[in-house]
Amino acid sequence: MSGKAYRPPEQGKAGQIFDSIFLLVLVYAVLFTPLVLGLTGGGTVTKTVENPTWETLGQNPTMAAQWEKLGFTPDSAAEMITTRFDYTIDPVALLITAIVILGYFIFMIRFSEKEYREVINERFGEKK
Amino acid sequence: MDFWNIFEYAAWGISGLLLLWMLFDAVQVNRDFSEELLTSSREGELEDQSEKHELT
Amino acid sequence: MSSTDTAGQDRQRISLLRVLGPAHVWALGVGIVLVGEFMGWNFTVGKGGAMGSLIACWVIGLLYTCVAMIDSEVTSTVAAAGGQYAQAKHIMGPLMAFNVGLYLVMAYTMLEAADALVVGDLLSSVAGEMGHNALDPRPFVVLTIAALAWLNYRGVLMTLTVNFVITAAAFISIVVLFIGVQPWNPGHMLQHRELLTDLPYGWIGVIAAFQFGIWYYLGIEGTCQAAEEVRSPARSLPYGTMSGIITLLIAATMTWYVATGLLPWEYLGQAATPLYDAARVTGSTALQVFLFIGTTFAAIASANGCINDASRAWFSMGRDRYMPLWFGAVHPRYRTPYRSILFLIPIAVSFSFTGLLDQVITFSILSGLLGYTFMPINMWMFRRKWPLGTIRRGYVHPFHPLPAIVLLALCITTYFATFLGYGTQLLAMMCFYIIASLWFTFHRYKYVRRGDQFTMPWARPRGY
């Protein structure tokens, strides 16, 4: 073991509480808020069908029978059936997302590597 | 007020009791034991006892 | 107080209890995942149609086979509570380990929230059928989480023994449903010929379905969280994981077959409790009751395992001061990481209350996916820093680096799949991890002892 090991400061009660609260706030601000505000979620489009029947909704008799067993009528099932995901790709958004994910991994691997060398040097002693 | 309403209140009640029990127990443990003892577990320990990593 | 590390050797210590056998490992792994057959997997149908869902099930099955191979090798060598977190710490470095620990906590806590949400939803739909409209699901959400947290608080052996029983019961309910719909008699109950359609979105829909394809298996790698409580980790963990994957492949195939033969895909793609609904349209009350019990049990078993795993990961980070040290405490009587268990309860409850099943699941999936992206990189470094023969490995997986390459390619595809339809959420999740990483690097890491993080009795890594 190396003689000049890094001595970290002890964290007091207040600091520990502050850090715990920070993490909670981070979870709620970044993940929970967009969820409740409805900013996230399935990018879908819904087509409206006037006076829907099973036929106009494109359901064959077997499908219609199963819908009815589930307790649906053409009216109540119409929205479920006509809602479709929108898979048109916005190249700018795709590029931004790719850069964010890639950048995140590169940043993380590089910093980990730097910190890892310190850990190894302290654990096994400085390399001769 | 039918069966299901009673069910709802019962669920609130029981969850409240369980949560309170855990909080109460945690506070008690904090009081009765030193922080040093509570946070004394170490990651490497089991390795020393049960796993051998030398090259055989 | 705790700066006296070397002097601490003869001091009184408490640690987690080493009491679990292979059956518990199976119950922890499969218990967490099996709920995926009762809810969540069907969103693949919504994104890519019924046939797209089957393709996703198989392709993602391949992803998990790679995960199991890679994970078995590393876990059988690094056996410590915290699982992949401890692996990252020894192989890649602190910041990566911090992120992996957070992935585990978030993936399991969100999964736990989804489980509780399903219990609440199921009860209100049963109440609705019995003539009581608008049952409030929230008390049952809280009750599920509180009761399971309590069980976890009281000890790991009881927790996982309960899990073994309810997981087995849930698995049996899938088998009963499969037999009950008479698969040898197509057209009688199962109507695949009439219900299966072409791919509604074409092949891009199949790719998009990969996102929720993860849900068929997510959490199976959680078995290594129990490493400090299993009696012989090097043997039990790979064995429990492999038998778990086989159980899941069987269950997933049966589930797909039954559900797509009974429900129109548009319904299936949005249902909260698809297997229960499938039992409902068979018209058999017995099957319906069976699947009600199965769904509830599966959700409870999963939430139970999630509390176990998430709290172990959080606890390990506390112990290393990646998180406030306060969380690294073990209960002196029950020997559980009791403070971590308590801390995560409000997060699970509040995400459950949103009622947005597909989105809560997406958070869980993304955290899982980031964890799988870490695995191949980790594997490369592991083989490079400690080539075969330099340390004793419990298990060596064949064909390296092929599994790592396949895994990385499938992960990238799945990010793209999530981008299709859930792009905002993907970015929100990345923001979360980026901010957390900055916080760790520039604030939190100063409290961490450098050399103490490396606890394995290994040789110095090659090249350092």
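Observations on the structure shown:
- Members of the range A:60-87 that become less accessible by 40 Å² or more once partner protein chains are added (1.4 angstrom probe, chain alone as reference): A:Thr62, A:Met63, A:Gln66, A:Trp67, A:Lys69, A:Leu70, A:Met80, A:Arg84, A:Phe85, A:Tyr87
- Computed from the alpha carbon positions, the gyration tensor of chain C leads to an equivalent ellipsoid with semi-axes of 37, 24, 20 Å, biggest first.
- Carbon/sulfur fraction of accessible area - the protein assembly as shown, other protein chains in place, 1.4 Å, %: 66
- Lysine pairs within chain A, Cα separation less than 19 Å, 8 or more sequence positions apart or different chains: 5
- Members of the range C:244-268 that become less accessible by 10 Å² or more once partner protein chains are added (1.4 angstrom probe, chain alone as reference): C:Leu262, C:Pro264, C:Trp265, C:Glu266, C:Tyr267
- Accessible-area loss of 30 Å² or more (1.4 Å probe, protein heavy atoms, chain alone versus all protein chains) is found in the range C:11-32 for C:Arg11, C:Gln12, C:Arg13, C:Ile14, C:Arg18.
- Amide H contacts under 5 Å for C:Leu20, placed H, 5+ residues apart: C:Val230, C:Arg231
- Hz values of 3J(HN,Hα) by residue in the range C:93-104 - Karplus curve (6.51, -1.76, 1.60), Gly and Pro given as x: x, x, 4, 4, 4, 4, 5, 4, x, 5, 4, 4
- B/C buried area, accessible surface, summed, 1.4 Å probe, Å²: 4500
- Degrees between helix C:285-319 axis and first principal axis of chain C (Cα, 0 to 90, nearest 10): 20
- The protein assembly as shown: Cα Rg divided by the 2.2 N^0.38 Å rule of thumb: 0.95
- Sequentially through the range C:190-196, phi angles give Karplus couplings (6.51, -1.76, 1.60; θ = phi - 60°) of 7, 10, 4, 4, 8, 8, 6 Hz, Gly and Pro residues having no value and appearing as x.
- Centre-to-centre, using Cα atoms only, the range C:48-122 and the range B:5-29 are separated by 31 Å.
- Ranked by the mean number of other Cβ atoms within 10 Å of their residues, highest first, the peptides C:52-61, C:425-434, C:225-234 come out as C:225-234, C:52-61, C:425-434.
- A 1.4 Å probe run over the protein chains yields, for the range A:89-128, 62 Å² of accessible area per residue, whole-number rounding.
- Contact surface A-C: accessible area buried, both sides summed, square angstrom, 1.4 angstrom probe: 7600
- Per residue value of the accessible surface for the range A:43-88 (all protein chains in place, 1.4 Å probe), Å²: 58
- Label-point separation, A:Glu55 to B:Asn30 (7 Å along Cα→Cβ), nm: 7.0
- For peptide C:418-424, the mean count of partner chain Cβ atoms within 10 Å of a residue's Cβ comes to 6.
- Cβ-Cβ FRET estimate between A:Glu113 and B:Phe7, R0 fixed at 56 Å, reported to 0.05: 0.50
- Seen against the Cα atoms of chain C and their longest principal axis, helix C:203-213 is set at about 60 degrees.
- In order along the range C:160-171, the Karplus-derived 3J(HN,Hα) couplings, from 6.51 cos²θ - 1.76 cosθ + 1.60 at θ = phi - 60°, round to 7, 5, 4, 4, 4, 5, 6, 5, 4, 4, 5, 4 Hz, and Gly and Pro are given as x.
- Helix C:338-353 axis versus longest C-alpha principal axis of chain C: approximately 30°, rounded to the nearest ten.
- Accessible area (Å², per residue) of chain C, counting only protein heavy atoms and a probe of 1.4 Å: 27
The values are calculated or read from the model by the stated rules, or taken from the named source; none is laboratory data. Here the structure is a predicted model, which is why all the values come from computation and not from measurement. For neighbour counting, all protein chains shown are included, and Cβ atoms are generated from backbone atoms with ideal geometry for every residue, glycine included. Keep in mind that these areas ignore ligands, DNA and RNA; they rest on the heavy atoms of the full protein, side chains included. Shrake-Rupley method; radii C 1.70, N 1.55, O 1.52, S 1.80 Å.
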